[in-house]
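Structure record follows, encoded as structure tokens.
The values are calculated or read from the model by the stated rules, or taken from the named source; none is laboratory data. Treat the numbers as computed from the prediction; the structure is a model and nothing was measured. Cβ coordinates were reconstructed from backbone atoms using ideal geometry, including for glycine residues, and neighbour counts include every protein chain displayed. To get the accessible areas, we keep the full protein, side chains included, count just its heavy atoms, and leave off ligands, DNA and RNA. Shrake-Rupley method; radii C 1.70, N 1.55, O 1.52, S 1.80 Å.
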Amino acid sequence: SRSAQVEGDSWGPLFLGNSSRLAVPILKEDDAIGAILLASPSSNAFSEEDIRFLVNLATHAAIAIENARLFQTVSRERLMMELVLRGIADGVYTTDKERRILTFNPAAERLSGRSREEVIGKTCAEVFGLVDEEGAKICERDCALIKALEGGLSDVPYHCEGNLQKGWKKRSYISISIAPLLDAWGNVTGTVATFR
């Protein structure tokens, strides 16, 4: 039963001096994770409507408790991911489906000489603009990021490499590995890229 109206002193000192007591468990699946307890000095103080209301309240309380627990779990996982991304030696960035950069870790800032604020919202082609030995733009003819967005999951990450475009603090050769980011339904929502 989801509720119990209890007469007598079976609840001990918790309800001393009260004739009517009502206990409604807060359930998560079949496990009780708490309870709502009411007492009244009047006999038979709680109606069926009161019980239905408290059962409904207990259901909402269970949902709120579970949401709070999930929020804590997600917050811990997000913090862990941020710590990993801050500590990793490779540059890491994410993009949306339009190839705009959404995140840019500290190693990416160090390796590129560009700040997060400078690159967020720009396309990876605008930021990196890789060129081959003759100076031809690689992204215009063979964009690994577009392949990752269109091709979805692959056993091997999509890959591109080349020289950074002019305008960088130093001209460097970089290698970028790109994988698609998927939502809960398996749809590609963007990409994650690492570079060195």
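Please verify whether Arg114 is farther than 23 Å from Leu182 by Cβ and in a loop (DSSP other than H, G, I, E, B), treating the condition exactly as stated.
For Arg114, the condition - farther than 23 Å from Leu182 by Cβ and in a loop (DSSP other than H, G, I, E, B) - is met.
State whether the residues of region 74-81 include one that is small (Gly, Ala, Ser) and part of a helix (DSSP H, G or I).
Yes, the conditions are met somewhere in region 74-81.
Return yes when Ile101 is part of a strand (DSSP E or B), at pLDDT 85 or above and over 26 Å from the mean Cα position of the chain (by Cα) and no when it is not.
Judged against the criteria, Ile101 is not a match.
Quick grid of which residues meet (1) under 32 Å from the mean Cα position of the chain (by Cα); (2) within 30 Å of Ala179 (Cβ to Cβ); (3) modelled with pLDDT of 85 or more:
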site	(1), (2), (3)
Gly17	no, no, no
Val24	no, no, yes
Ala32	yes, no, yes
Leu70	yes, yes, yes
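Take the residues of region 109-130 that are under 23 Å from Gly87 (Cβ atoms) and among the aliphatic types (A, V, I, L, M): which is nearest to the chain's Cα centre (by Cα)?
Per the stated criteria, the residue is Ile120.
Taking Glu140 as meeting all but one of (1) modelled with pLDDT under 70; (2) part of a loop (DSSP other than H, G, I, E, B); (3) open to solvent by 30 Å² or more (accessible area, probe 1.4 Å), write down the number of the exception.
Exception for Glu140: condition (2).
Identify the single condition in (1) within 19 Å of Tyr173 (Cβ to Cβ); (2) open to solvent by less than 10 Å² (accessible area, probe 1.4 Å); (3) among the aliphatic types (A, V, I, L, M) that Ile101 does not satisfy, given that it satisfies every other one.
Result: Ile101 passes all but (1).
Per-residue answers, yes or no, for (1) open to solvent by 70 Å² or more (accessible area, probe 1.4 Å); (2) within 30 Å of Leu181 (Cα to Cα); (3) not in a loop (DSSP other than H, G, I, E, B):
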{"residue": "Leu38", "(1), (2), (3)": "no, no, yes"}
{"residue": "Asn44", "(1), (2), (3)": "yes, no, no"}
{"residue": "Ala62", "(1), (2), (3)": "no, no, yes"}
{"residue": "Val84", "(1), (2), (3)": "yes, yes, yes"}
{"residue": "Thr95", "(1), (2), (3)": "no, yes, yes"}
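Starting from region 70-94, take each residue that is over 26 Å from Val188 (Cβ atoms) and list its partners that are at pLDDT below 90 and of a type in the set (Lys, Arg), counting only C-beta distances under 9 angstrom and pairs at least six apart or across chains.
Note: pairs meeting the criteria are Ala89/Arg196.
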